Amino acid sequence: MIIAIDGPAAAGKGTLARRIAAALGLPYLDTGLLYRAVGRRVLDVGGDPADVEAATTAARSLTDADFQRTDLRGPEADKAASQVASIPAVRAALLDYQRHYGTTKGAVLDGRDIGTIVFPNADVKLFVTASLEARTQRRHAEILGRGELIPIEAVRADLAARDEADRTRAAAPLIQAADATLLDTSNMNADEAFAKALRLVKQKTI
Ligand code: DC
């Protein structure tokens, strides 16, 4: 069984996807980590994440160790990930890994293009979103929880810029698949969103 969960940054996809995977006994893949790891690799050698050649080379040489890094979150990693994600050759290099991951045992995958490109025939597709304000509050709380200080305005501006870049890029833009179910979590806490998502998954699979 393949469950595709797409949506904008900080909509709560990751938490939801992880909990659904645990509830159903499926592996979980956070596909954003792949793009984050590529961005980091480019930054490591002083490169520009918008440089097609540097980013593509990095995407083709990822290893599992790249996903274990502790510096894949935060503003610099966010921006680099969004930049490398707009490069078609980077996306192409990461496609097989994602498809192979899902087809061995089934999986829950979250990202931006899982239901549209990676698994267009997924058994269940959820498009998880929330208002910019709700996402800003959540992301800000998460950053403070890591012990970092950042003005909330900076978080809001960063999310808005990343949404815009992810939605308007030519390669696999963030878009709700025609057959995906919309789940707006603006007025839900994590438990409510999980309960609702699990109901939707069960409706589609029973
Ligand atoms: O989900 P995330 O915030 O960790 O994703 C980081 C960036 O990677 C995001 O700006 C968009 C990109 N991404 C993508 O283009 N396609 C995916 N399937 C997952 C993430």
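The values are calculated or read from the model by the stated rules, or taken from the named source; none is laboratory data. Here the structure is a predicted model, which means the values were calculated and not measured. Note that each Cβ is placed from the backbone with ideal geometry, even for glycine, and that neighbours are counted across all protein chains shown. Ligands, DNA and RNA are excluded from the accessible area calculation, which covers all protein heavy atoms including side chains. Shrake-Rupley method; radii C 1.70, N 1.55, O 1.52, S 1.80 Å.
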Next item on the list: Could you tell me whether any residue of segment 75-82 is under 24 Å from residue 159 (Cα atoms), within 9 Å of the ligand (Cβ to nearest atom) and out of contact with any helix residue (DSSP H, G or I) (no Cβ under 6 Å at 6 or more places or on another chain)?
Entry: yes
Check: With respect to the numbered conditions (1) within 16 Å of the ligand (Cβ to nearest atom); (2) more than 13 Å from residue 7 (Cα to Cα); (3) of a type outside the set (Asp, Glu), which one is the sole condition not fulfilled by residue 199?
Finding: (1)
Checklist line | In segment 182-198, the residues that are surrounded by fewer than 17 Cβ atoms within 10 Å (Cβ to Cβ) and among the polar types (S, T, N, Q) | finding: 186, 187, 189
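What number of residues within segment 46-65 are away from the ligand (no atom under 14 Å from the Cβ) and either in contact with a helix residue (DSSP H, G or I) (Cβ under 8 Å, 6 or more places away or on another chain) or acidic (Asp, Glu) (or both)? Steps first, please.
Going residue by residue through segment 46-65, those that are away from the ligand (no atom under 14 Å from the Cβ) are 46-48, 51-54, 56-57, 60-61, 63-65.
With either in contact with a helix residue (DSSP H, G or I) (Cβ under 8 Å, 6 or more places away or on another chain) or acidic (Asp, Glu) (or both) added as a condition, the list becomes 47-48, 51-54, 56, 60-61, 64.
Looking only at that region, the number is 10.
If I ask for residues that are near the ligand (Cβ under 9 Å from one of its atoms) and buried (at least 22 other Cβ atoms within 10 Å of the Cβ), which ones from segment 95-131 would you list? Walk me through it before giving the result.
Pass one, segment 95-131, residues near the ligand (Cβ under 9 Å from one of its atoms): 98, 109-114, 117-118.
Within segment 95-131, 109, 110, 111, 112, 113, 114, 118 meet the criteria.
Just checking, which of 174, 198 is in contact (Cβ under 8 Å) with a residue 12 or more places away in the chain and in a loop (DSSP other than H, G, I, E, B)?
Values: 198 fails: in a loop (DSSP other than H, G, I, E, B).
So the residue among 174, 198 that is in contact (Cβ under 8 Å) with a residue 12 or more places away in the chain and in a loop (DSSP other than H, G, I, E, B) is 174.
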Notebook entry, point to check: List, please: which pairs have Cβ atoms under 9 Å, are six or more places apart or on different chains, and start with a residue in segment 85-102 that is over 17 Å from residue 66 (Cβ atoms) and among the polar types (S, T, N, Q) and end with one that is part of a loop (DSSP other than H, G, I, E, B) and more than 11 Å from the ligand (Cβ to nearest atom)?
Noted result: 86/50; 86/170
Next item on the list: Answer with yes or no whether residue 37 is hydrophobic (A, V, I, L, M, F, W, C), over 19 Å from residue 106 (Cα atoms) and either modelled with pLDDT under 95 or out of contact with any helix residue (DSSP H, G or I) (no Cβ under 7 Å at 6 or more places or on another chain) (or both).
Entry: no
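Could you list all residues from segment 20-61 that are closer than 30 Å to residue 195 by Cα and polar (S, T, N, Q)?
From segment 20-61, those closer than 30 Å to residue 195 by Cα are 20-36; that's our starting set.
Answer for segment 20-61, where residues must be closer than 30 Å to residue 195 by Cα and polar (S, T, N, Q): just 31.
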Check: In segment 1-57, which residues are open to solvent by 40 Å² or more (accessible area, probe 1.4 Å) and among the small types (Gly, Ala, Ser)?
Finding: 22, 23, 25, 46, 50
Checklist line | Options 167, 138; residue that is within 14 Å of the ligand (Cβ to nearest atom) and either touching a Lys or Arg at 6+ places or on another chain (Cβ under 6 Å) or open to solvent by 80 Å² or more (accessible area, probe 1.4 Å) (or both) | finding: 167
